[in-house]
Amino acid sequence: MVPAIVIFAYLGLVLYIGISGRRAEQHANAEGYFLAGRALGPTVFLLSLVGTNMTAFSILGASGHAFANGIVTYGLMASSSALVIPIGLFVIGTRLWALGRRHGFMTPVQIFRDRWSCGHIGTIIFAVQAVLLVPYIIIAVMGGGTTLSAISNGFVPFWLGGAVVSFVVMGYVFFGGMRGTALVNAFQTTLFLLFGAIAVSVIAAGMGGFSQAMESMLADPSKAPLLSRERISPWYFFSYSFIPLSSIAFPHIAIFCLTAKRLNHFKKTVILYPICMLAIWLPSVFLGVVANQATTVPTIQTKLEARATLEATGPTLTSEEQSNLRAQASGDDVILRLVEGYAPLWLAALLGAAVMAAVMASDSQILALSTMFTQDIFAYYGGTLRFGQTAQVQTGRAFVVLLTLAAYAIALWMPQSIFEVATQYAFAGYSALFPLLVATLFWKASTKWGALACTVWTAMAVAGIATLQTIVPAPPPGEAIRILSLVGTDIITRGSSGTLVFGMLPVVPMTLISGLLMIVVSLATPKAKPTTEVLAKYF
């Protein structure tokens, strides 16, 4: 219980930081509560933006995926993200900041409505964005439950760990608003930037050095592929380059771009973001890989045995037996198990707190959805005019509570891993909405009907993937279930890690078709000519 007690103390500290960040004068109006008065400094802006992107997906999800798939995990996500995300911030983020500063926009939907004069279509866009952001919030609950359960050796069950994290995040978002959330994110980002170097050093010492572990893996035919791209096809690898497009399309990232005090704050962020990504992803992925040689840690040995059984006898097992083995082999908690096996108790507790810091970085998503609900629904349909700014802030706080409770309830029965939930739903959906943002800001001929087609297609595609993966259970690792084929060519298949289209992640056809629909429908539909004033805002 010592590590668990340390983490509970850490959660108390985080709650204090978030609530103490409250400024009464800033909470008197919606812009102060939801955007911190557009006054965040460069350091807090950088650290908070990094922390907002580096959630449980980057620590637990990345290491778990690397545990099963190898060092290629870093190439799949971190390499392309370190290039695409800063470019998105530079090209699109700065433009969003300028529009928000000049015209008072607080959410992307406000920009869509203003640009295209699309009232109810804007509401549809809000609904789709809200639903797609929920999986990201669910990740935080799953990560919190996984961390506390692993650190306490099961003394704190998954459901209780997830509930504690949900309560803490809900607390400081409720009371602290954007300013409290940003301060917590800056503090937590500092912690998990330090986590990687410390964890690698401690675990290396405990294992007697990584060189021997790597050599042993190279000598083992079953593990050597984990040190290469051998298990990943080139097209599958390529498809991951579409995932980072989702970053700037995420409402919480777009909204966060509006909080900077000056445009100049984006300079340091664009330059330092790839370095921060390296410092976070490389240790997480490397430790996930090296865990395959940590056979002296009983919990990891159990995972390896479950994986071997699933690979050897998977097709002969019932779907329930496969599901149980898949749960036992899951690597979402593998970093925590390494720390538990090779670090002193006090250090394991501190490292567990650092992992929890990354897990809890989904607070911005909750606040973003609250901001969108109050601005795009409550205020747009007359709530603020009738009840005032204070009622708008209180409505946002109530939405924080309801949203957190809903995410917690869903997380309790979510069967997939953190990595799969993120890539199959949240990232894929928002990558498909990326053309919507580009067309708004850079294409004069785009129309609201093109925006509607893009949004409806994204919703249908994500719903289709979710339905397919519910109906067709995941096969054992290395196996694939053919869903649709033509002339001997597999078009849609169901693999152990999710649905594939022509051997690629669904995000590729989803994004390309979304962009095509935006172009074709915009050119084919009547154009409501924007006023000179509207065009002057954007072009």
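The values are calculated or read from the model by the stated rules, or taken from the named source; none is laboratory data. On a predicted model such as this, the values are computed, not experimentally measured, just so you know. In this analysis, Cβ positions are derived from the backbone assuming ideal geometry, glycine residues included, and neighbour counts consider all displayed protein chains.
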Are any of the residues in segment 134-141 surrounded by fewer than 21 Cβ atoms within 10 Å (Cβ to Cβ), assigned to a helix (DSSP H, G or I) and not β-branched (Val, Ile, Thr)? no
Kindly indicate whether ARG307 is modelled with pLDDT of 80 or more, more than 29 Å from ILE7 (Cα to Cα) and assigned to a helix (DSSP H, G or I). yes
Cβ-Cβ below 6 Å, separation at least six or inter-chain, first residue in segment 506-531 and within 11 Å of SER446 (Cβ to Cβ), second small (Gly, Ala, Ser) and surrounded by 19 or more Cβ atoms within 10 Å (Cβ to Cβ): which pairs? MET518/ALA439; MET518/GLY450; VAL521/GLY450; VAL521/ALA453; SER522/SER446; SER522/GLY450
Could you pull out the residue among VAL84, VAL131, VAL50, VAL44 that is in contact with a Pro (Cβ under 6 Å, 6 or more places away or on another chain) and either touching a residue at least 40 places away in the same chain (Cβ under 8 Å) or hydrophobic (A, V, I, L, M, F, W, C) (or both)? VAL84
Here is a check on your reading of the model: is THR146 farther than 28 Å from LEU278 by Cβ, hydroxyl-bearing (Ser, Thr, Tyr) and either free of Cβ contacts under 8 Å to residues at least 60 places away in the same chain or surrounded by 20 or more Cβ atoms within 10 Å (Cβ to Cβ) (or both)? no
Scanning segment 149-199 for residues that are free of Cβ contacts under 8 Å to residues at least 24 places away in the same chain, over 21 Å from the mean Cα position of the chain (by Cα) and either within 13 Å of THR52 (Cα to Cα) or assigned to a helix (DSSP H, G or I) (or both) gives LEU160
Single residue of ARG113, ARG102 found to be touching a helix residue (DSSP H, G or I) at 6+ places or on another chain (Cβ under 7 Å), surrounded by fewer than 24 Cβ atoms within 10 Å (Cβ to Cβ) and assigned to a helix (DSSP H, G or I): ARG113
Only one of these conditions is not met by LEU367: (1) among the hydrophobic types (A, V, I, L, M, F, W, C); (2) at pLDDT 80 or above; (3) more than 13 Å from PHE34 (Cα to Cα). Which number is it? (3)
If a residue must be closer than 21 Å to ALA78 by Cβ and modelled with pLDDT of 95 or more, how many such residues does segment 421-464 contain? 1
It is to be established whether one or more residues within segment 345-364 are surrounded by fewer than 24 Cβ atoms within 10 Å (Cβ to Cβ), of a type outside the set (A, V, I, L, M), closer than 16 Å to VAL2 by Cα and over 22 Å from the mean Cα position of the chain (by Cα). yes
Go through segment 446-476 and count every residue that is surrounded by fewer than 19 Cβ atoms within 10 Å (Cβ to Cβ) and of a type outside the set (A, V, I, L, M). 6
Modelled with pLDDT under 85, surrounded by fewer than 19 Cβ atoms within 10 Å (Cβ to Cβ), part of a helix (DSSP H, G or I) and not aliphatic (A, V, I, L, M): does that describe THR404? no
Counting only residues in segment 56-87 that are touching a Phe, Trp or Tyr at 6+ places or on another chain (Cβ under 7 Å) and among the polar types (S, T, N, Q), the one surrounded by the most Cβ atoms within 10 Å (Cβ to Cβ) is identified as SER58
Close pairs (8 angstrom Cβ cut-off, 6 or more residues apart or separate chains): within 28 Å of ASN153 (Cβ to Cβ) in segment 298-321, exposed (fewer than 13 other Cβ atoms within 10 Å of the Cβ) anywhere: GLN301/THR295; LEU304/THR295; GLU311/GLY478
Per the list (1) outside any helix (DSSP H, G or I); (2) in contact with a Ser or Thr (Cβ under 9 Å, 6 or more places away or on another chain); (3) surrounded by fewer than 14 Cβ atoms within 10 Å (Cβ to Cβ), residue check on ASP332 breaks on (3)
Conditions first: (1) touching a Ser or Thr at 6+ places or on another chain (Cβ under 7 Å); (2) at pLDDT 85 or above. VAL173 passes all but one, so which condition is the exception? (2)
